[in-house]
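Data first, discussion second: the structure below is written as structure tokens.
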Amino acid sequence: MYKKKILFICGSLNQTSMMHQISQHMQDFNCYFTPYYTDGFINYLVSIGYIKFSILNGQFRLKTEDYIHKNNLQLDYRGVSHDYDLIYTCADLIMPKNIRKKKIILVQEGMTDPETLMFHLVKYLRLPRWLASTSTMGMSDQYTLFCVASEGYKDFFINRKGVKPEKIIVTGIPNFDNLRQFANNNFPHKHFVLVATSDARETYKIENRKKFIQECVKIANGKQLIFKLHPNEKVDRATEEINKLAPGALVFPSGNINNMIANCDVLITKFSSVVYVGILFGKEVHSAFNIDELKQLMPIQNNGTSSEKIAEIGKYILGFPRTSLDEIHKKFELSLVKT
């Protein structure tokens, strides 16, 4: 019996694990996975070893491929081996040519980057979206549906990014829909100030790390500081800076940051989605974003059922390929409201 084929386009480990969770509810289909990819000149640069700071190449791609192999998932790099019936992706900054005429479900990964000058240049001059990073999430309009984290984010994407209301649906998002589970954990430290660093410098963005560490020391005011490094950071450099500017601070290059947040008293970050974990647990949170606005955007908590709901929408689209967006909303929004 013919099984319809689905391609899951991955990226960071967070994006990849999201795609994997959705696929686990689609056992009756042939599911394939690929690291994020592109076309044209950018793809040429990737092929000769450049752009290693992005999800297209370097550590991101290697970790994604390793995840795919370790979990015995079917790999189809660039989605060239099959004619796919449905595409899932966590990013639309670049939409490869070979998927543009397919049914595509875009899934929100997490928090979007701040709207800098580059965002406005991209928006009004129609420059390539990737120039403004994830601040342009949802702005391609090259997808069938966009599954988002909350009603707050639905309004955010419609009003700030220009997403068509009929294309957006609130499902919750995997990895951020069952945060209470981290309350019981075996992380040995408690009642400390946790700092979640970023990979801004590794991705060629501007960050004054010295000033940031000094601000963290001031906020801690003598309390134990723990730094959890971003997975993409240069560990030796970051550790040396912390040891110099915040003597006595503990540095963790790896580990479950959600467990750390559940145990801390204060969370300091800039642009990381983990801020939502701190908000849910009622921590004192410091972020580059307005905390009251973040509370309005808080991902819905549905006991980890977002991946199943997103999968059910995909199954419906595959089963009824001519269904309208209005019919999809009527069928799924009522069931989503009940949870």
Say we look at region 1-36 and pick out the residues that are touching a Ser or Thr at 6+ places or on another chain (Cβ under 7 Å) and without any contact (Cβ under 8 Å) to a residue 60 or more places away in the chain; which of these is surrounded by the most Cβ atoms within 10 Å (Cβ to Cβ)? Thr16
Gly138 vs (1) modelled with pLDDT of 95 or more; (2) in contact with an Asp or Glu (Cβ under 6 Å, 6 or more places away or on another chain); (3) closer than 21 Å to Phe271 by Cα: all pass except (2)
Which count do you get for residues in region 261-306 that are of a type in the set (A, V, I, L, M), crowded, with 18+ Cβ neighbours inside 10 Å and more than 25 Å from Glu333 (Cα to Cα)? 10
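The values are calculated or read from the model by the stated rules, or taken from the named source; none is laboratory data. Since we're looking at a predicted model, the values are computed, not measured. Glycine gets a Cβ as well: all are built from the backbone with ideal geometry, and neighbour counts include every protein chain shown.
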